[in-house]
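The values are calculated or read from the model by the stated rules, or taken from the named source; none is laboratory data. Just so it is clear, the structure is predicted and the values come from calculations on it, not from any experiment. Note that we place each Cβ from the backbone using ideal geometry, even for glycine, and neighbour counts take in every protein chain shown. SASA here: full protein model, heavy atoms, side chains in, ligands and nucleic acids out. Shrake-Rupley method; radii C 1.70, N 1.55, O 1.52, S 1.80 Å.
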Amino acid sequence: LRQRTKSLLPWLGETFVSLAYFRFSIEGLVYYETVNATTLQRTNAGRARNEGYELELDQRVCGMFRVWFNFTDTYSRITDNPAKPATEGKRVTYVPRYMYNFGVEWRWRRFTASLAGRFFGKMYTRDDNSDRAQGVPQTHEPFFSLDLRLGWKYNENTSLSLSVENLLDERFFEYSLTPPRTISMQMSLKF
C-alpha cells in the first residue's frame, strides 16, 4: 500500500506513506551452520519462514527539504531442520529483527546537504542463537550510525562533495570493529 497525499498546508508539500506486509516460506534454506566454536559452514535447512512489515514515510517541505523514515520488523525463523532439530524456532542467521533508516535532505540552487541515520538490530551468526556477546570480534551487535554529506554543483559536469561517515564516531562490531569517523572529499568531472 502506497499513498500519496497533498497536505492541507500548501507550504508543507506532499506526503508519501507506504506500508507493506510480507510473509513467505522458504524451502531448502541455505544458511551458516555452527560446526564448532571457530567454524561455520554453509548448509541446507529444511524450511524457514520470513514475515514482517515495513513502514515508510516521505515528506517534501517547501520544495527544498525532504524528510524520510522507514522501519522494518522481520520475524525470520527456521521452521524445519531434520539435520539439526535444535535450530528449529531459532532466528535465521544474519537477519536482524529490527532495522530503521531516516534522513533529512536539503537542496537550494547549487547546494545540497543530507543527514542520514541507520539502525540494525542484533544479528546472530550461530544457528542456535547462542552468540549473545557484544563488544568483541566476530559479533554483530546492534548499532546506530549517522552520516553527513554536503555538496556543491558548479555546472552539469563539475561538482564537489564532502562526506562524513560515522559522524558520531561510534565504534561497534560488524564481525570486526568498524572504522572510526571517516571524512572524505570528492570532485567529479564529466567530459
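Ranked highest first by the average count of other Cβ atoms within 10 Å around their residues, in what order do 128-137, 58-67 fall?
Sorting 128-137, 58-67 by mean packing, highest first, produces 58-67, 128-137.
Once you list every other residue whose beta carbon is under 13 Å from the beta carbon of LEU115, what net charge do they have if Lys and Arg are +1 and Asp and Glu are -1?
Summing Lys and Arg as +1 and Asp and Glu as -1 gives 0.
Once both labels are modelled 7 Å past Cα along the beta-carbon direction, what's the ARG118-LEU177 spacing in nm?
2.2
How large is the accessible surface per residue of the stretch 24-95, computed with a 1.4 Å probe and reported in Å² as a whole number?
55
Send over the per residue convex hull volume for the stretch 124-170, Cα only, as a whole number of Å³.
Taking the convex hull of the Cα positions in the stretch 124-170, it is 117 Å³ per residue.
Eigenvalues of the Cα gyration tensor times 5, then square-rooted: what semi-axes does that give for the stretch 51-93, in whole angstrom, largest first?
Largest first, the stretch 51-93 gives 41, 7, 5 Å.
Taking LYS84 as the anchor, which aspartates and glutamates have their alpha carbon closer than 19 Å to its alpha carbon, excluding any fewer than eight residues away along the same chain?
Cross-link targets: GLU27, GLU33, ASP127, ASP128, ASP131.
Residues with beta-carbon under 15 Å from that of VAL164, excluding VAL164: net charge, scoring Lys, Arg +1 and Asp, Glu -1?
The answer is -1.
Take the Cα pairs of the stretch 7-142, get the Kirkwood Rh, then feed it into Stokes-Einstein at 20 °C and 1.002 mPa s and tell me D in µm²/s.
Roughly 122 µm²/s, to the nearest whole number.
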